[in-house]
Amino acid sequence: MDADFPDPTDWIPTPVPGLQALETSLRCQVCKEFFTAPKVTSCGHTFCSLCIRRCLSVSSKCPTCMKPDEEPRLRDNVIFSELVSSFTAIRKQLLDTLVKEKEKEEARKQAEEVAKREAEARTRVEKRSSGDRGDEDEIMEDAEPPHRPRGKRRRQDGVTPRRTQEIEAPRRSTRTSSQRTNSRISSQTVVSLDSDDDGDFQPNEEFSDDDFQSSARPKRKTATRVPDTPTKDSSLMACPVCGRLKDISTIEAHANRCLEARRSPSPTPGVSNGASSSSSPLKRQPVSFSNVSKSQHRPPYTAEERERLRLPKGNASLTKEADLRKKLRDIGIRCDVKGKETKQVLWARLQEWINIWNANLDSDNPKTKMALIRDLEVYERNQQNQKPSVVQDKGFEREAWSSSHNNEFEALVASARKSAAQKKENAEEAAATDRPSDSTGVQTELNGIGSPEIIET
Amino acid sequence: MAAKAVRRLLSEYRELINNETDGIYAGPISEDNFMLWECLIAGPPDTPFEGGMYSATLTFPDDYPLSPPTLKFTCDILHPNVYPDGTVCISILHPPGDDPNMYESASERWSPIQSVEKVLLSVMSMLAEPNDESGANVDASKMFREDREQYEKIVRRCARKTVGL
């Protein structure tokens, strides 16, 4: 197809077909595009932020390995976004260079071939002149150009591509989430980590590109490395009260503490602040404060910080329809007043909004809210076509089709009638003999195969 | 049409063209509708299906690849895992959570990282090794189990028919 639709297979005809594997692993396996805002799951697979969020809202499993996973566990895959941006920057140049190289090589080969032919012709002439022409055929065979299409080789290359990302990633995720297991006391380190996360969304605010690479990256590393108690991810569980990930063995005690703290009048870290009470615990992912004090009081979010919070998914059965409507209206998303839309539709819309919103926060170039709302509308419009469970070709004209295939349909109807009658007969026969023979069963079976179109008429 | 799904299908189509797999041919029927594909699957060798060329249509939902496509044979085929109307019933085409026969494990179900190529390869191996425990076509499963000779005879006849013999 067009050259403006880049694809890993572009590399196949080049002298370095292995680049196909490289590019394949730089692409999201869900959308097959280069990663946008890559996120790594707790099992170590990387996807675009929006892709994985959508997948997880359909089923809470990693699309690659089917291990259960949740959105709050997703982590930025920083190195991949760097790889993608540097690869896409050089891609065109690299491809052009390689194609040119290939052309040059071919031209050289052709020249060589011509030279060889000429040489052969000369030897033949010499031989003929010496009267010895016995092994001419043999020479002809040797002269067969060593040209061999390089097609099949890449299949083996194609097998390995996705591994690379899986090796690198798990370490990150365990590191970050193991931090969360460190109890409240170390909340300062947790906070500093997340502050970094937040800084990511709009790197250009504080750093120019170069600054960002030189100063921000190392900072991330030192911040993330601090407490290294190796804890298995699978043993983590979100506290039902404050939403922090805790080790399963300590979760009960922790939850009790949280509950007690909530009951007592003094404000406590988990429950004190701005997050509205209807929202789920996930909202309370720590936000950055350089002046966080050991007292574990968290000052309320500023407006700017609130803008950058990941939205929680909430719980469908705990949310009332009226609240849902209010929420959507508050955001500025279209929803009808009369209550025509079912709760299910509204819920799906809110979920998709949350996916789009959160993925936008992960992006390097965040869009405006209006643009996001438009995105949501486009997405919904696309989904609406899907309403009938069987998708039909839009250009399909029922009338024309049925008139042009009328004969076949009639023949089918006739044969179906016949087979139905036969079936009946057989059934009666079978009832009479009480023992259906296999061959009649086969007959009806075969007749049955052709019959589906009958429905069409 | 869903732009995202179309882009992904375009990508898959390119890969299929440039990276041909033996015995599998697939592509959109018309450029206007990328959500409806036609495909040809060669009968796997050393099976009664050998020599047959089975035509089928692949229909993609608008939220592809979140939901799986459906595959429907448009030629006569007798197989325990193909409904009499031609619809194929294999685990890779079922979204996780929806198990019509209460049989499959989640790991072999549809996931967004699967692709047309993988689906067609699975269908090919399904042809070679029918699963008569979760039959879609009960008569075919019964025949497969009890009267293998007859089953193979019919299958061979269908295979010849698919290539117009």
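None of the figures in this text is laboratory data; all of them are computed from the coordinates on show. The shown structure was predicted, so the numbers you read here are calculated from the model rather than taken from an experiment. FYI the Cβ positions are ideal-geometry reconstructions off the backbone, even for glycines, and counts take in every protein chain you see.
Using only C-alpha atoms and all pairs of different ones, pull out the Kirkwood radius for the range A:8-130 in Å with one decimal.
17.9
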Practice task
Report, as an integer, the average count of C-beta atoms from other chains found within 10 Å of each Cβ along A:57-63.
Solution key: 5
Handout entry: Which listed pairs, of A:Lys39/A:Lys320; B:Lys72/B:Lys161; A:Lys67/A:Lys367; A:Lys61/A:Lys313; A:Lys32/A:Lys313, have C-alpha distances above 20 Å, in listed order
Key = A:Lys39/A:Lys320; A:Lys67/A:Lys367; A:Lys32/A:Lys313
Fill in the blank from the handout: Computed D for the range B:1-43, Stokes-Einstein, Kirkwood radius over alpha-carbon pairs, 10 °C, 1.306 mPa s, to the nearest µm² per second, is 145
Fill in the blank from the handout: For peptide A:6-12, the mean count of other chain Cβ atoms within 10 Å per residue Cβ is 4
Exercise for the section: Measure nothing but the geometry: give the 0 to 90° angle between the long axis through the Cα atoms of B:116-128 and the longest principal axis through the Cα atoms of chain B, rounded to 10°. Expected result: 0
Completion exercise
Ranked from fewest to most other Cβ atoms within 10 Å of their own Cβ, B:Glu31, A:Glu307 fall in the order B:Glu31, A:Glu307
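Please give the average number of partner chain Cβ atoms lying within 10 Å of the Cβ of each residue in A:21-29, rounded to a whole number.
1
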Exercise for the section: Sort A:324-335, A:77-88, A:111-122, B:113-124 for me by packing, meaning the mean count of neighbouring Cβ atoms within 10 Å per residue, highest on top. Expected result: B:113-124, A:77-88, A:324-335, A:111-122
Fill in the blank from the handout: The helix B:3-18 Cα axis meets the longest alpha-carbon principal axis of chain B at an angle in degrees, between 0 and 90 and rounded to 10, of 60
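Once Rh is set to the Kirkwood radius over Cα pairs, what Stokes-Einstein translational diffusion coefficient, in µm²/s, holds for the range B:3-162 at a temperature of 37 °C and a viscosity of 0.692 mPa s? Mind showing how you got there, number by number?
Numbers: Rh = 16.1 Å.
Answer, rounded: 204 µm²/s.
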